[in-house]
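Everything on this sheet refers to the single structure shown next.
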Amino acid sequence: MALNLRQKQTECIARMLNLNQPVNATGTANEDVYKILIYDKFCQNILSPLIHVKDLRKHGVTLYFLIEKDRKPVHGVPAVYFVQPNQANIQRIVVDASRSLYDSFHINSSSSIPRPLLEDLVSGTLNSDSINRISKVHDQYLEFVTLEDSLFSLAQKSSYVQLNDPSAGDREIEEIVERIVTGLFCVLATLSVVPIIRCPQGGPAEMVASALDQRLRDHLLSKNNLFTEGGSFMSSFQRPILCIFDRNFELSVGIQHDFRYRPLVHDILGLRLNRLSVQGEKGGMRSYELDSADPFWVENGSLEFPEVAVEIESQLNKYKKDVDEVNKRTGGTDGAEFDGTDLMGNTKHLMNAVSSLPELTERKQVIDKHTNIATVLLGEIKERSLDSYAKKENDMLIRGSIDRNELLGVLRGKGTNMDKLRFAILYLISSESINQSDVESVEAALKESEVDTSAFQYVKKLKSLNASVASANSASRNNIVDWAEKFYAVTAGVKNLLSSDRQLALTRTVELLMEGKPNPEIDSYLVFDPRAPKSNSGSSHLRVPFKEAIVFMIGGGNYVEYGSLQELAQRQQPGKHVIYGATEILTGVEFVEQLTQLGHKMGFGSTATASVS
């Protein structure tokens with residue numbers, strides 16, 4: 001059975017809302033036990049894509065509050081707390097218990113509560129004589145946000161900046177790696193699988209893979225083992241492969257414009273937690289949800305925008321035809337004599353029409369929603385020539401070059417300052433050889449538009465160090481913040497792995513890793529098997545085909561890579577399953593803003609700002 005992260009996390013949350021008792025056959029908590037739900041902002045974001053407010057009632061939740069809000073006492077009902085394990089939340093729970101806000105407290109931590117915080121909770125409630133109100137404390141291992149069945153985010157902001165900051169110390173880097181490992185451990189615990197781990201050598205990917213391997217080994221030796229899947233380390237074909245990468249593995253994907261529906265909606269309209277707000281047809285803002293409950297989004301998210309427009313029109317015409325058919329069936333026959341048979345026939349048609357109304361209404365709402373979204377997108381595309389950006393960037397990445405006049409034409413043409421900055425950075429990344437005169441012309445064109453060029457300068461600095469890094473000593477290569485080394489690997493890897501149809505380097509590499517065959521492109525990748533003795537962890541007998549993969553991107557992922565990996569899984573025969581996750585899901589604008597921050601930290605700066613409007 002394919003791993004379904006959304007379903008698994010939803011089941012865990014339903015059980016939590018049922019006071020950590022088994023749920024009923026419908027998958028909901030006991031409605032007869034009324035309760036209050038208290039959460040922090042992070043856990044609110046975990047719940048948001050999975051359970052709608054209207055559905056909380058099905059789980060017996062009558063009131064819900066953010067933990068930092070002032071609340072009045074409510075007696076006679078239990079309170080379910082769902083919060084991150086930190087000092088502020090523990091102190092607030094102690095205060096709530098001392099004020100006797102609720103009869104009983106069911107405390108659920110999004111990850112494992114450290115012992116010092118547990119001791120603070122005990123001592124605080126003992127001192128206020130309220131420990132009897134604490135019914136139970138649970139570690140839920142749910143510290144990640146599931147956006148789709150096979151898409152998740154650890155919601156860890158600015159991890160790319162933190163990991164690539166030249167001034168970052170070892171302690172800071174270790175803390176970031178530890179947070180990432182905790183998030184990944186939660187994902188694996190929720191899925192109840194111990195994967196084979198593969199990653200490139202060096203950098204954040206190896207640090208996270210090694211630390212996660214050790215965390216899993218330690219846990220498998222503990223009494224409370226969360227991983228119940230059977231099989232020994234020899235039966236690797238029954239286990240998924242976890243492929244860990246660093247954003248620098250393929251920098252361009254985080255920056256480029258894409259013309260497919262799902263990435264376009266995310267990048268241009270700011271899809272967040274499966275929700276967005278756009279200008280309505282009659283004025284005012286309209287808010288929409290785009291998730292697995294929307295059949296059009298599920299079926300057409302990977303199509304190019306023009307194909308989506310055709311599909312909207314096609315579905316609208318089919319809807320009109322079905323409505324006309326209902327009207328004909330219920331309108332009777334003109335001039336026909338009235339008799340009992342006609343009455344019974346009309347009654348039957350009327351009943352069928354009434355039963356079809358909800359389905360027709362729902363279809364119309366979905367069509368109207370996507371018509372509105374597509375209309376807003378089309379306005380942005382025309383105003384900014386986004387179709388031209390997407391095509392020229394793709395051509396540039398395949399050819400490794402662009403005509404000077406065409407390059408400067410784009411930078412002086414339509415588009416926001418951020419569109420132009422993204423295009424200029426992609427020019428640096430894609431070019432096999434950089435002409436200094438062209439670079440100076442690009443910088444001049446950007447400054448004409450008052451663009452903050454810090455991100456451009458940062459990437460240019462990395463590019464200029466490629467040759468020297470190629471011969472760098474091993475000590476330099478082992479340094480996590482040796483960003484020049486990492487960028488060298490990026491540009492080399494992308495050029496080697498790009499195929500004629502512009503398959504992403506990430507997708508190509510995951511395909512090779514899932515095949516499990518020897519290949520010079522991946523033979524240097526490290527292997528970690530937490531179930532095997534450490535001496536055998538990288539043994540060749542583990543290199544067999546995998547049916548399921550979890551792909552994780554450190555430093556920020558995007559819907560372009562997610563879509564590419566889903567296409568890979570679907571075209572495999574027999575079908576395979578790939579889950580994609582990242583430290584955070586970023587738009588091209590958000591990622592370039594992180595590059596700009598790094599440029600500032602490197603001493604590059606500009607008084608102007610890259611406007612995104």
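Ranking LEU118, VAL83, ASN24 by Cα position along the charge dipole of segment 5-142, where only Lys, Arg, Asp and Glu carry charges on their C-beta atoms, puts ASN24 farthest toward the positive end. Stretching the chain fully between ARG412 and ASP395 yields a gain of 4.2 nm (0.36 nm per residue, less the alpha carbon separation). Here the dipole of segment 5-142 is about 320 debye; that uses its Cα centre as origin and unit charges on the Cβ of Lys and Arg (positive) and Asp and Glu (negative).
A simple packing score, the average count of other Cβ atoms within 10 Å per residue, orders the peptides 104-112, 596-604 as 104-112, 596-604, with the highest score first. In the assembled protein chains, GLU590 presents an accessible area of approximately 80 Å² (probe radius 1.4 Å). Computed extension length for ASP324-GLN503: 60.0 nm, one decimal, from 0.36 nm per residue of separation with the Cα-Cα distance subtracted.
Cross-link pairs exceeding 20 Å between alpha carbons, from the set LYS223/LYS547; LYS414/LYS447; LYS282/LYS328: LYS223/LYS547; LYS282/LYS328. Heavy-atom accessible surface of PHE423, to the nearest 10 Å², is about 0 Å², with a 1.4 Å probe and all protein chains retained.
Order ARG15, ARG399, most accessible first, counting only protein heavy atoms with a 1.4 angstrom probe.
ARG399, ARG15
Judged by the ratio a/c of the largest to the smallest principal axis of the C-alpha gyration tensor, segment 372-452 counts as oblate, that ratio being 1.5 or greater while a/b is no larger than b/c. Along its three principal directions, the equivalent ellipsoid of segment 5-142 from the Cα gyration tensor extends over semi-axes of 23, 17, 13 Å, largest first. Modelled label positions at SER98 and LYS282, each set 7 Å beyond Cα in the direction of Cβ, lie 5.4 nm from each other. Shape class for segment 131-238, computed from the alpha carbon gyration tensor (a ≥ b ≥ c): oblate, with a/c not under 1.5 and a/b at or below b/c.
Return the FRET efficiency for the residue pair PHE42, LEU316: r is the Cβ-Cβ distance, R0 is 51 Å, and the value is rounded to the nearest 0.05.
Details: r = 40 Å, r/R0 = 0.79.
It comes out at approximately 0.80.
A Cβ-based charge dipole, computed about the Cα centre of segment 129-281 with Lys and Arg at +1 and Asp and Glu at -1, lands at about 400 debye.
Apply the a/c threshold of 1.5 to the C-alpha gyration tensor of segment 405-452 and tell me whether it is rounded, prolate or oblate.
Verdict is prolate for segment 405-452.
The values are calculated or read from the model by the stated rules, or taken from the named source; none is laboratory data. Worth saying up front: this structure is predicted, and the values here are computed from it rather than measured. Using ideal geometry, Cβ is built from the backbone for each residue, glycine included, and neighbour counts are taken over all protein chains shown. For the accessible areas, the whole protein counts, side chains as well, though only heavy atoms, and no ligand, DNA or RNA atoms are used. Shrake-Rupley method; radii C 1.70, N 1.55, O 1.52, S 1.80 Å.
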